[in-house]
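A.B. asks: Questions regarding the structure given below will be posed in turn.
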Amino acid sequence: MSFSAYNWNPKMGSCHQNATFDELLSLEHLSVLKIRLDSVEYLASASSWIKKLRKFDIQISPNDSSYDAQSNEKRLVLRGVDLLQEHLQSLLHNTTSLSLLTCEGMAQRHWLSLSSLMSLTISNCSGIRILISQEKSSHAMFPNLQHLVLDHLKNLETIVEGILSRGICLSNLKTIQVLDCPKLKGTVSYAMLRHVKKLEEIKVSGCENMCRVIESGGQKKKNLPVLRVIEVKNMVKLRTICDGMWVCPVLQQIEVSHCFELKKLPISVGDSCSLKEIRGDVKWWNNLIWENHDDKSFFLKHFQAYPREDCLKRQKYK
């Protein structure tokens, strides 16, 4: 009933004639549920019932909003919801894909027990300054999270703060996408780098104060053994992707757009035999600084200028 826009009554005995959400609780053999609700209160007596569902896609929004249909095992979308409401607890624990849109209570919410979560999107939640802090973290925080999207978080200053104890925190993260977070100065901190050895994609765009994507913590070489894709776009202060050199044996694609202060690529010929493509602005490519001519000649074979810019400016790369 995702697209029905039906106004459920919360409980039996209401003066209105609408069907109640409580009626669904009597469906003992129900295994798949897709529905949009107006309030968290509907779930007050549904905690044990939700655990029996094999798949669900539940969107909770006080206002009518467009429904974004995706295929996930147990998906929850919260829009304009106070995350501290107690009725959410059981639902959050059973969710594999969670989207938080303009929600309150992010800073106070305790995230340690969400072991089922595989995908997390946080968008337009102004209350969040730090996603994971040393004080509130544990070795098992987000142990199964694979995909993380942080979008339009105007007060986010860091994703992982402080050195976390070794464990399974973020140990299964495969992709991270960061969009329009103006206070964020780095994406993958040294503290985070120690945990994300399965990271395959890093995509960052529109973070106006970001000066580096990966923070080294003083290490000369950083190892991201399965990183395949890195994209950086629209960041005027970005000066480096990573301090020093990185070891990315399976890196296949680098894309750079409107990051004209980025003068060097932290890769060398020996470490980049799997590279298939470097995409970017012609102006940016022509201003890159190389350690030696051999590196420049090797990577030139993989460079692809953006078609639109190449067509309009007719500018040949060197």
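The values are calculated or read from the model by the stated rules, or taken from the named source; none is laboratory data. The shown structure was predicted, so the numbers you read here are calculated from the model rather than taken from an experiment. Methodologically, a virtual Cβ is constructed for each residue, glycine included, from the backbone with ideal geometry; neighbour enumeration extends over all protein chains shown. Heavy atoms of the whole protein, side chains included, go into the accessibility calculation; ligands, DNA and RNA do not. Shrake-Rupley method; radii C 1.70, N 1.55, O 1.52, S 1.80 Å.
A.B. asks: Considering each of 76, 98, 53, 27 in turn, give the residue that is exposed (fewer than 14 other Cβ atoms within 10 Å of the Cβ) and either modelled with pLDDT of 85 or more or aromatic (Phe, Trp, Tyr) (or both).
C.D. replies: 27
A.B. asks: Do we find a residue being in contact with a strand residue (DSSP E or B) (Cβ under 9 Å, 6 or more places away or on another chain), at pLDDT below 90 and surrounded by 22 or more Cβ atoms within 10 Å (Cβ to Cβ) anywhere in the stretch 224-232?
C.D. replies: yes
A.B. asks: Then there is this: Report yes if residue 291 is among the acidic types (Asp, Glu), open to solvent by 40 Å² or more (accessible area, probe 1.4 Å) and either farther than 26 Å from residue 144 by Cβ or touching a residue at least 40 places away in the same chain (Cβ under 8 Å) (or both), otherwise no.
C.D. replies: yes
A.B. asks: Same structure again: Being outside any loop (DSSP other than H, G, I, E, B) and under 25 Å from residue 199 (Cβ atoms): is that true of residue 99 here?
C.D. replies: When the stated conditions are applied, residue 99 passes them.
A.B. asks: Say we look at the stretch 213-223 and pick out the residues that are over 18 Å from residue 250 (Cβ atoms) and open to solvent by 60 Å² or more (accessible area, probe 1.4 Å); which of these is modelled with the highest pLDDT?
C.D. replies: Only one residue tops the list, namely 215.
A.B. asks: Hey, could you check the stretch 33-50 for residues that are of a type outside the set (A, V, I, L, M) and not in a strand (DSSP E or B) and say which is modelled with the highest pLDDT?
C.D. replies: 49
A.B. asks: While we're here: What is the number of the single condition among (1) modelled with pLDDT of 90 or more; (2) open to solvent by less than 10 Å² (accessible area, probe 1.4 Å); (3) under 24 Å from residue 217 (Cβ atoms) that residue 157 does not meet?
C.D. replies: It is condition (2) that residue 157 fails.
A.B. asks: Got a number for residues in the stretch 1-24 being modelled with pLDDT of 70 or more and among the hydroxyl-bearing types (Ser, Thr, Tyr)?
C.D. replies: Number of matching residues: 2.
A.B. asks: Ok, one more. Look through 300, 265, 312 and report the one residue that is of a type in the set (A, V, I, L, M), open to solvent by 10 Å² or more (accessible area, probe 1.4 Å) and at pLDDT below 85.
C.D. replies: 312
A.B. asks: Same structure again: Starting from the stretch 78-89, keep only residues that are of a type in the set (D, E, K, R), then list their pairs with residues that are assigned to a strand (DSSP E or B) and open to solvent by 60 Å² or more (accessible area, probe 1.4 Å) whose Cβ atoms are within a distance under 8 Å, requiring at least 6 positions of separation or different chains.
C.D. replies: Partner pairs satisfying both residue conditions: 82/104.
A.B. asks: Something else about it: Can you say whether residue 208 is open to solvent by 10 Å² or more (accessible area, probe 1.4 Å), of a type outside the set (Ser, Thr, Tyr) and not in a loop (DSSP other than H, G, I, E, B), as far as the supplied structure shows?
C.D. replies: no
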